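Step one of this worksheet: look at the structure below.
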Amino acid sequence: MKFNFWLIVAVTLFHCSCQPDFPKLKYNGLSLVASRDSLKIEHILPLKNVNANTVALMPFAFLQDLNSPELHFNHERQWWGERVDGVQQNIQVLQGNGLKIMLKPQIWIWHGEFTGDLNMTSEEHWQTFENSYLEYILLYAELAEKEQISLFCIGTELYNFTEKRPEFWKKMIAEVRKVYSGKITYAENWDKVDRFELWDELDFIGVDAYFPISESKNPTEAELIAGWKSHKKMLQQLSSAYKKQVIFTEYGYRNIDFTAKEPWQASTRRRGDKVPENLNEGLQAKALQVIYDEFWPEHWFAGGFLWKWHHDHERAGGKQNDRFTPQNKLAEETVKVNYGKYVN
């Protein structure tokens, strides 16, 4: 009996000594859609009302197509909130009201083509694109340092680019670290996060967490939990292998039937279209609740950024809206209650 007792103690101590000393901070994040004009205090209060402590700002750059080497960014034709001056004002107002920032410059390809498939057709085009992308990222890394923000994301869903040009990415990470002293991550798509090979170079394992977890129209909580099992195990193993916390650089669901089947699918509705018949507020709230129950208590998990939140809260979302935002839907209270459990 005595031998067994001390064996258990020894194993426990060994296990504990191998666990990284991860910070307890949770990023209760919201992904804030860029606005046409300046951010005001009345836009901040709804963010704080759902107990968010961090906001992701996303100054977009644009490409004409998957093979175009010309990246367009910080252009006067973009919305004010997508340009340096607008982003800087947003940062100052948010930080002045006690909110932290993740700065997350990312690419949009015209016609909504998937950035993970980006592929240049020649070495010359690759070099042109890389020079442009480096300029784009360093522009915002320098702003992140100037404003002393806490987290910087160096790319979003660019697996083909990272796989084909790893030396560029190593160089870029080194260049970012020269100008920015905070934490760095990268946002990989859910189906490639375990294939990305540069997590050693970064501070968090970032994943856009649109994992398919149920084929059902209106799955039960138990079905949703079961659907997460293999994905959660994979993420925990990644964390263990790299000794870094996982962060959901994006997560979320639409308020529709089958929302957990292909969570990455966006709404195709346009203004004036008929209200869809497949609205399901309860499923959106339930699917989010399962994420909070399954991940937020884990020491290897750092939190996440809900996709997405609009600055004009009174006009955003609503019961006839079928997009990702939880605003003015049942899911808003779900976010508020769960973020409230992890207020930092």
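The values are calculated or read from the model by the stated rules, or taken from the named source; none is laboratory data. Owing to the predicted nature of the structure, the values given are computational and were not obtained by experimental measurement. Here the Cβ positions follow ideal geometry from the backbone for every residue, glycine too, while neighbour counts run over all protein chains shown.
In table form, for the structure just shown:
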quantity: Residue in the stretch 69-83 that is more than 19 Å from the chain's Cα centre (by Cα), more than 19 Å from L143 (Cβ to Cβ) and either outside any loop (DSSP other than H, G, I, E, B) or basic (K, R) (or both) present; calculated: yes
quantity: Single match in W307, W264 (criterion: assigned to a loop (DSSP other than H, G, I, E, B), of a type outside the set (D, E, K, R) and at pLDDT 95 or above); calculated: W264
quantity: Residue list for the stretch 61-116, filter: among the aliphatic types (A, V, I, L, M) and either more than 27 Å from F161 (Cα to Cα) or touching an Asp or Glu at 6+ places or on another chain (Cβ under 6 Å) (or both); calculated: L66, I91, V93, L94, L99
quantity: Residue that is surrounded by the most Cβ atoms within 10 Å (Cβ to Cβ), among those in the stretch 323-340 that are outside any helix (DSSP H, G or I) and over 20 Å from the mean Cα position of the chain (by Cα); calculated: K329
quantity: Conditions (1) surrounded by fewer than 18 Cβ atoms within 10 Å (Cβ to Cβ); (2) within 23 Å of T249 (Cβ to Cβ); (3) in contact with a Lys or Arg (Cβ under 8 Å, 6 or more places away or on another chain); number of the one not met by L99; calculated: (1)
quantity: Qualifying residue in the stretch 164-180 (condition: of a type in the set (G, A, S) and touching a Gly at 6+ places or on another chain (Cβ under 7 Å)); calculated: no
quantity: Total residues in the stretch 239-292, condition surrounded by fewer than 15 Cβ atoms within 10 Å (Cβ to Cβ), free of Cβ contacts under 8 Å to residues at least 60 places away in the same chain and at positive phi; calculated: 1
quantity: Any hit, the stretch 180-198, residues being part of a helix (DSSP H, G or I), of a type in the set (A, V, I, L, M, F, W, C) and modelled with pLDDT of 95 or more; calculated: no
quantity: Any chance I247 is assigned to a strand (DSSP E or B), of a type in the set (A, V, I, L, M, F, W, C), at pLDDT 95 or above and touching a strand residue (DSSP E or B) at 6+ places or on another chain (Cβ under 7 Å); calculated: yes
quantity: Scope the stretch 199-237; condition outside any helix (DSSP H, G or I) and within 30 Å of Y140 (Cα to Cα); matching residues; calculated: L202, D203, F204, I205, G206, V207, D208, A209, Y210, F211
